[in-house]
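Let me begin by presenting the structure, written as structure tokens, before commenting on it.
No value in this document is a laboratory result; all are computed from the given coordinates. Computed from a predicted model, the values in this text were never measured in an experiment. Cβ placement follows ideal geometry from the backbone for every residue including glycine, while neighbour counts extend to all protein chains displayed.
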Amino acid sequence: MNRREFSAGAACVVGATWIGLPGMAWAQSPTPVDGKDFISYSPRVYEPAAGKIEVIEFFWYNCPHCNAFEPALEAWSKKLPADVVLTRVPAAFRDDMVPQQRLFYTLEAMGKLGEMHNKVFRSIHVDKQAVDREPSIAAWAERQGLDKVKFQEMYNSMGIQAKARRASQLSSGFKIGGVPSIGVNGKYYTDGDLAGNQTRMLQVTEYLIAESRKAR
């Protein structure tokens, strides 16, 4: 499970009325404080691409809180300004989480992530299927209509293994306390524990996006 425990209520109660409307959010919420609501890193964990503000969501497919958070994150992401990009990064606190990292990057490499990402969550949390080891992952992919041989070739490729290692390096660099959690532009980190709940985590993220834009 997570390094930190987030309450089920906090994970599920994610409002949508304020999304994309930070002015409304801050009228009802205190301005975030560094060291309390978020953590800033100097030097940065990594240097972001010029002209873009990158928001990273760290997640784990088996995490029920990530599953509950996904619809709100998806709705929020559709209203992001043109200079903000959302990147999902599968976390791995333990070796037994690495297979799902490789599942994510295999689907991405095959051009299937857009249609399959939510199917992974649904298969695990609604249909109660095991999708957590290479045999069960390959069987799941075949049930989705993917070529099992091609899937396994990609899953075991050096490129996918390298992407999984990079994901773990990012997780370590941000010193993530649990999932879901968010890194902003290589400099800021927040999660439901720091922000107070997952609704406010997105509010804090909007604040950090604004701060990143000011720093350009």
DSSP bridge orientation in the chain - percent antiparallel, rounded to nearest 5: 55
Dipole in debye (nearest 20) - the chain, about Cα centre, beta carbon charges: Lys, Arg +1; Asp, Glu -1: 260
Pairwise label distance in nanometres, V98 with K119, each label 7 Å out on the Cα-Cβ vector: 2.7
The chain: angle of helix 198-214 to the longest principal axis, Cα-based, in degrees nearest 10: 70
Interatomic Cα distance distribution for the chain, bins of 5 angstrom, percent: 1, 7, 15, 19, 20, 16, 11, 7, 3, 1, 0
Angle between the chain longest axis and helix 98-109 axis [Cα atoms, degrees, rounded to 10]: 90
Candidates K187, K128, K119, ranked by Gaussian network fluctuation over the chain, Cα under 10 Å, top entry: K128
In degrees, nearest ten, helix 113-125 long axis to first principal axis of the chain (Cα): 80
Dipole axis of region 95-175 (+1 Lys, Arg; -1 Asp, Glu on Cβ), positive-most option in G111, S136, F174: F174
Residue of V149, V55, V120 that the Gaussian network model of the chain assigns the largest fluctuation, springs spanning Cα pairs under 10 Å: V149
Residue with peak Gaussian network fluctuation, the chain [Cα springs, cutoff 10 Å], from D191, D37, D96: D96
Pairs beyond 30 Å (Cα-Cα), from K52/K128; K148/K187; K150/K187; K36/K79: K52/K128; K148/K187; K150/K187
Test item: Cα-centred dipole of region 95-175, Lys/Arg +1 and Asp/Glu -1 on Cβ, debye: 180
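Just the projected area, averaged over all directions, of the convex hull on the alpha carbon atoms of region 95-175: how many nm²?
Working: hull surface 21.7 nm².
The Cα convex hull of region 95-175, projected and averaged over all directions, gives 5.4 nm².
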Point-to-point label distance, N156-A49, nm (Cα→Cβ direction, 7 Å offset): 3.2
